[in-house]
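Provided herewith is a single structure, encoded as structure tokens, for subsequent inquiry.
The values are calculated or read from the model by the stated rules, or taken from the named source; none is laboratory data. Everything numeric in this text was worked out from a predicted model, so none of it was measured. Cβ placement follows ideal geometry from the backbone for every residue including glycine, while neighbour counts extend to all protein chains displayed. Surface accessibility is based on the protein's heavy atoms, side chains included, excluding ligands, DNA and RNA. Shrake-Rupley method; radii C 1.70, N 1.55, O 1.52, S 1.80 Å.
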Amino acid sequence: MIVTLTLNPSLDRTIEIARLTRGSMTRATATRLDPGGKGVNVSRALAAHGVPTLAVVPCGGPEGEQLTELLKLEGIDVGAVPVSGRTRSNVSLVEPDGTVTKVNEPGGSLRQEDLERVDEAVLSAAVDADWVVASGSLPPGVPDTFYGRLGRQLNELGVRFAVDTSGTALAEALEAGPALVKPNRDELAETVGFRIDTVADAIRAAEAMRAAGAEAVLASLGADGAVLVGERGARWGESPVDRGRSAVGAGDAMLAGYLAAGTSGSEPLVEALSWGAAAVRFPGSRMPGPSDVDRARVRVHPTPDLLRPLSGPHHEHGMEQIR
Ligand SMILES: Nc1ncnc2c1ncn2[C@@H]1O[C@H](COP(=O)(O)OP(=O)(O)O)[C@@H](O)[C@H]1O
Ligand SMILES: O=P(O)(O)OC[C@H]1O[C@](O)(COP(=O)(O)O)[C@@H](O)[C@@H]1O
């Protein structure tokens, strides 16, 4: 079983519009609502593939109730921890050329007693877990040391810990020696303090993250695929997408694919890339199931082209690269 922890889950509203014009009224052409947050998405992708998973989420207010309802409708086991702060809503505005403008709320505050109950929920579920995955931003009230401390507790239990976050929370988590981290290009650059312009830069940054404590680094590079750096060296692969709809949640689907490979015996980088590319083909943060994943399109390069420049500038969702 794979346990996910999303300390700052969300209701993700995706609104498709013809064109975003600041300061004017725009009518939506389509809209969808997904249960959201990075760990939540990992659980959704795993569940869609029949991989046992539990999503631990603090839930507050009517939005929290709606989140648990939506997750249950997708057949996901939810470890809901009731909290007083309201669950947030995040909005993505999507234009026909694929440009995504995203607004993420900070999320309701968590108090010390909320965090203790979250800890309890994760650690009791961890007893039966192959992995615990902590993903996403920390809501107000949560110290940057939270993931690092959780990682050390999981190490003592002998449970593998994966983390996908940013900033100081990521730097602190590295010190706990996680089995896996999944930075994107911006998170790599922010952590190591140099620009990531080529595959070689990404590999060098991933090596620096290993030196800081991570056992393996799955660094996602948007349209340029991903590098996997671990004790067996560095590998780079890609999975081109012709017609992408939304890269929101693609990193979460990719992480889910990597973890699922451990339970099925498949090649982790191929699973990661094929699940990530499948998510990009869907609107909003819809997660792919088995029939959506096309492993034949994945190219893992035996020798990475180190000098290959990465496409586009550093970006959050990068859909301008998909036409
Ligand atoms: N434009 C794209 N074309 C093909 N694959 C993509 C594209 N954008 C994202 N992906 C896939 O999704 C993965 C995660 O995307 P990325 O934007 O790097 O992460 P995150 O969503 O965490 O910011 C990539 O490694 C890649 O496999
Ligand atoms: O916790 P954060 O960093 O605010 O991110 C939350 C958002 O991340 C998502 O999980 C999508 O993640 P990515 O686009 O980074 O893959 C959304 O569902 C959610 O709105």
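For (1) of a type in the set (Ser, Thr, Tyr); (2) buried (at least 16 other Cβ atoms within 10 Å of the Cβ), each residue gets a yes or a no:
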| site | (1), (2) |
| --- | --- |
| Ala247 | no, yes |
| Ala250 | no, yes |
| Ala261 | no, yes |
| Pro268 | no, yes |
| Ser285 | yes, yes |
| Pro288 | no, yes |
| Val298 | no, yes |
| Leu307 | no, no |
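Further question: Residues being under 25 Å from Asp292 (Cα atoms) and open to solvent by less than 60 Å² (accessible area, probe 1.4 Å): count how many of those fall in segment 16-67.
23
Here's another thing I want to ask about it. Filter segment 226-250 for residues that are within 16 Å of ligand 2 (Cβ to nearest atom) and free of Cβ contacts under 8 Å to residues at least 60 places away in the same chain and give the result. Walk me through it before giving the result.
The initial filter retains those residues of segment 226-250 that are within 16 Å of ligand 2 (Cβ to nearest atom), namely 226, 239, 241, 244-250.
If the condition is that a residue be within 16 Å of ligand 2 (Cβ to nearest atom) and free of Cβ contacts under 8 Å to residues at least 60 places away in the same chain, then Ala226, Ala250 are the ones that fit.
Of all residues being small (Gly, Ala, Ser) and over 25 Å from the mean Cα position of the chain (by Cα) in segment 1-32, which is nearest to ligand 1 (Cβ to nearest atom)? Just the residue, please. Before the answer, list the steps.
So in segment 1-32, the residues small (Gly, Ala, Ser) come out as 10, 18, 23-24, 28, 30.
Still in the list and also over 25 Å from the mean Cα position of the chain (by Cα): 18, 23-24, 28.
Numbers: Ala18: 22, Gly23: 28, Ser24: 29, Ala28: 23 Å.
This residue is Ala18.
What number of residues in segment 227-248 are in contact with a helix residue (DSSP H, G or I) (Cβ under 6 Å, 6 or more places away or on another chain) and either polar (S, T, N, Q) or within 7 Å of ligand 1 (Cβ to nearest atom) (or both)?
4
I want to confirm something. Restricting to segment 79-99 and keeping residues that are crowded, with 21+ Cβ neighbours inside 10 Å and of a type in the set (A, V, I, L, M, F, W, C), which single residue is modelled with the lowest pLDDT?
Across segment 79-99, the extreme among qualifying residues is Val94.
Of all residues in segment 109-128, how many are open to solvent by 20 Å² or more (accessible area, probe 1.4 Å) and of a type in the set (Gly, Ala, Ser)?
Of the residues in segment 109-128, 3 are open to solvent by 20 Å² or more (accessible area, probe 1.4 Å) and of a type in the set (Gly, Ala, Ser).
Is there a residue in segment 91-105 that is touching a helix residue (DSSP H, G or I) at 6+ places or on another chain (Cβ under 7 Å) and in a strand (DSSP E or B)?
Checked segment 91-105: at least one residue is touching a helix residue (DSSP H, G or I) at 6+ places or on another chain (Cβ under 7 Å) and in a strand (DSSP E or B).
Would it be correct to say that Leu228 is more than 30 Å from Val91 (Cβ to Cβ) and buried (at least 20 other Cβ atoms within 10 Å of the Cβ)?
On the way: more than 30 Å from Val91 (Cβ to Cβ): yes; buried (at least 20 other Cβ atoms within 10 Å of the Cβ): yes.
For Leu228, the condition - more than 30 Å from Val91 (Cβ to Cβ) and buried (at least 20 other Cβ atoms within 10 Å of the Cβ) - is met.
Additional query: Before we move on, is Leu71 aliphatic (A, V, I, L, M), in a helix (DSSP H, G or I), more than 16 Å from ligand 1 (Cβ to nearest atom) and under 19 Å from Leu255 (Cβ atoms)?
Details: aliphatic (A, V, I, L, M): yes; in a helix (DSSP H, G or I): yes; more than 16 Å from ligand 1 (Cβ to nearest atom): yes; under 19 Å from Leu255 (Cβ atoms): yes.
Against the criterion (aliphatic (A, V, I, L, M), in a helix (DSSP H, G or I), more than 16 Å from ligand 1 (Cβ to nearest atom) and under 19 Å from Leu255 (Cβ atoms)), Leu71 qualifies.
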